[in-house]
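Enquirer: Just dropping this structure here.
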Amino acid sequence: MATGCHTQFGFGFQRKLTVAFDGGEITSDAGLLLVREFDERLGLTAALREAVSETRDRRYVTHDLLALLRQRVYQIAAGYEDANDAGFLRADPTLQTVAQRLGTPLASQPTLSRFENAAPWDTMRRLNRVLRQWFTRHAVSRRQPPAELVLDIDSTDDPTHGQQELSFFNGHYDEHMYHPLLVFADGYLLGARLRPGDVGGATHMRPLLEPIVAHLRGALPTTAIALRADGGFCNPDLLDYAEQAGLTYAIGMPPNPKLDAAVALDRLHAEVTYERTGHPVRWFTSLPYQTRSWRRPRRVLAMIEHTAQGPNVRFVVTNRRGRAADIFAWYHQRGQAENFIKELKRDLAADRLSCHAFRANAFRLLLHALAYDLLHLFGSASWRARRSPGRRSAPCGFASSSSAPASCARCGGGGFISRPVGQGSCSSSPSTAICRDCARPPETTARFPIVSRSLRSAGAARPTCRCGTGVRVPPRPTATHPAPRRTPRGVDPPPSPRLGRRQPSTAGTS
């Protein structure tokens, strides 16, 4: 039995959508339909067509470049990071629908491998530009731009295996690896660049950062731009560029004997204070400092701590105004970038760069970045729509008044039903959601951790039923009491059933 229901859902990217209940074609990734509809409305992956140049012989081409890009991006978003997964996903109805059209087989693993190995460096520069355009067009408001935009710079390790190009041993991570650079802004990945394993610090930082800053200056001219990074990026070239570009920064600085001598007295006082009081001590100070490679003195902040674990001294070079304690508190927020990297690597397997060629792996890193930002935009838009008044949201957070189906955004099956709790069956009675398939209460396990991150940050989770069918569960009902009646001014309140009639207060009377 097949039912045409495209008029109810209103999918713009697929004019003809059919839902079948005969079990002939089964998919476990129907939630990608919602992401694809969100993508179609904003035109996100449609912008990738101009980023990739066609170099193939059209006589032997079956799959369009945009279809190949969408296939790889949506496979990564669904958890299929390897090109080998395309072997059994070619006939998947959901992947066919979101990549090109239903009924047309998708590209095979050899086709995707040739596509990744043939990507030129110019294509990667254009893909980085697409990431920046997505951010300024859809992640921030140009009508009400933010007063300040903080760029968190960090690097991570991508382990390598075998004889991969430019794979070197890194003593800091104690492994053979690649060392990519990442630039985040409020959880959004603005740029990514793959580096050889033996390259560290701020190497190749300016070629990645300069286009980002120039684009933000043009799109958000009234927004101040700030820079945060750890001690590995304390490079004279990066500091000079930040000052020339008008960026405020707070960058960690490795200790050295000269800095240790400058705070030796404060460190001794902190140790004596801790021994006398037995309580942890944390002091902040500021001093002018200049190294041999710096063109002029700069402000260096020091945080002196002494706890039961012993002394701890940290240094930060900055050009921001304010108290040292406030700047250190702002600098410590850069630790959130570590969580974004974990989502990129653990949830989307961005460290799965298994190609032999370095250029192909650099292209793969950008494919993972596109999938990350797509899900990040989808989750952020869903959360904003859920919080906006007068909007009705779907169970899995895709807010729409008519286009969202009443089923899970991940699996698309089962759906949810509401049943009243306790006595009464009116619309005002408290209700809970149960699974249509197994009629069991749901569990709080999320399949799309990036999409549900905004929900978890507000104290909510995206529950999923034990049978695999996702549902959205309303909060657990609490005991409700009728609202107390307001007593008119000058009239005594009604008697209490336990305490009897309330006696009027005589305070302030003569």
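The values are calculated or read from the model by the stated rules, or taken from the named source; none is laboratory data. What you see is a predicted model, and the numbers here were worked out from it, not measured in a lab. So basically every Cβ, Gly included, is an ideal-geometry build from the backbone, and we count neighbours across all protein chains shown. These accessible areas exclude ligands, DNA and RNA; they are computed on the full protein's heavy atoms, side chains included. Shrake-Rupley method; radii C 1.70, N 1.55, O 1.52, S 1.80 Å.
Enquirer: What whole number of Å gives the distance from the Cα centroid of the stretch 157-231 to the Cα centroid of the stretch 305-326?
Expert: 25
Enquirer: Quick one: ranking Y74, Y80 by accessible area, 1.4 Å probe, largest first, what do you get?
Expert: Numbers: Y74 0, Y80 45 Å².
Sorted by accessible area, descending: Y80, Y74.
Enquirer: Hey, another quick one. Assuming a ≥ b ≥ c are the square roots of the Cα gyration tensor eigenvalues, decide whether the stretch 130-259 counts as rounded (a/c under 1.5), prolate (otherwise, with a/b larger than b/c) or oblate.
Expert: Oblate shape, in that a/c is at least 1.5 and b/c is the bigger or equal ratio.
Enquirer: Sticking with this structure for a sec: Which value, in Å² rounded to 10, gives the accessible area of H215 with a 1.4 Å probe and all protein chains present?
Expert: In the full protein context, H215 sits at about 50 Å².
Enquirer: Dipole of the stretch 313-360, Cα-centred, from +1 at each Lys and Arg C-beta and -1 at each Asp and Glu C-beta, to the nearest 20 debye?
Expert: With Lys and Arg at +1 and Asp and Glu at -1, about 180 debye.
Enquirer: Moving to a separate point now. Mind listing the phi-derived Karplus ³J(HN,Hα) values for the stretch 109-124, rounded to whole Hz, using 6.51, -1.76 and 1.60 with θ = phi - 60°, and x for any glycine or proline?
Expert: 4, x, 5, 5, 5, 5, 5, 5, 6, 8, 5, x, 5, 5, 5, 5
Enquirer: Suppose R0 equals 51 Å. What FRET efficiency, 1/(1 + (r/R0)^6) with r the Cβ-Cβ distance, do T136 and D198 give to the nearest 0.05? Mind dumping the intermediate values first?
Expert: Details: r = 34 Å, r/R0 = 0.68.
Here the calculated transfer efficiency is 0.90.
Enquirer: On a 1.4 Å probe surface of the protein chains, which of H279, H172 comes out largest in accessible area, and what is the full order?
Expert: H172, H279
Enquirer: Could you calculate the contour length gain from S53 to S28, that is, 0.36 nm times the residue separation minus the distance between their Cα atoms, to one decimal place in nm?
Expert: Details: separation 25, 0.36 × 25 = 9.00 nm, distance 3.29 nm.
That pair, S53 and S28, stretches by 5.7 nm at full extension.
Enquirer: Going by amide H atoms built from the backbone, whose H comes under 5 Å of the H on M253, apart from near neighbours?
Expert: The answer is F315, V316, V317.
Enquirer: Let me ask something else. For F284, what residues show an amide H to amide H distance below 5 Å, using hydrogens built from the backbone and excluding near sequence neighbours?
Expert: HN-HN under 5 Å from F284: I304.
Enquirer: Provide the per-residue ³J(HN,Hα) series for the stretch 227-239, in order, calculated from phi with Karplus coefficients 6.51, -1.76, 1.60 and θ = phi - 60°, each as a whole number of Hz, with x at glycine and proline positions.
Expert: 10, 10, 7, 8, x, x, 10, 7, 10, x, 5, 5, 5
Enquirer: Taking all protein chains as present, what is the carbon and sulfur share of the accessible area of the stretch 197-256, in % to the nearest whole number, probe 1.4 Å?
Expert: Percent of accessible area from carbon and sulfur atoms in the stretch 197-256: 55.
Enquirer: In whole Hz and in residue order, list the ³J(HN,Hα) couplings for the stretch 338-352 that follow from phi through the Karplus curve 6.51 cos²θ - 1.76 cosθ + 1.60, θ = phi - 60°; x for Gly and Pro.
Expert: 5, 5, 5, 5, 5, 5, 5, 8, 7, 7, 10, 6, 5, 8, 8
Enquirer: How far, in nm, would the chain grow between R320 and E271 when pulled straight, counting 0.36 nm per residue and subtracting the alpha carbon separation?
Expert: 14.7 nm
Enquirer: Additional query: Taking the Cα-to-Cβ direction at N339 and at T62 and moving 7 Å from each Cα, how far apart do the two end points lie in nm?
Expert: So the label points at N339 and T62 sit 4.5 nm apart.
Enquirer: Nearest 20 debye, what's the magnitude of the dipole of the stretch 72-213 about its Cα centre given +1 on Lys and Arg Cβ and -1 on Asp and Glu Cβ?
Expert: Details: 14 positive and 17 negative charges, 206 e Å.
For the stretch 72-213, the charge dipole is close to 980 debye.
Enquirer: Let me ask another. Non-local amide H neighbours of L227 (under 5 Å, H modeled in plane, Pro and chain starts lacking H): which ones?
Expert: Counting only residues 5 or more places away or on other chains, the set is L151, T248, Y249, A250.
Enquirer: Starting from 0.36 nm per residue, how many nanometres of slack lie between N256 and R295 once their C-alpha separation is accounted for?
Expert: Full extension of this stretch gives 12.2 nm more.
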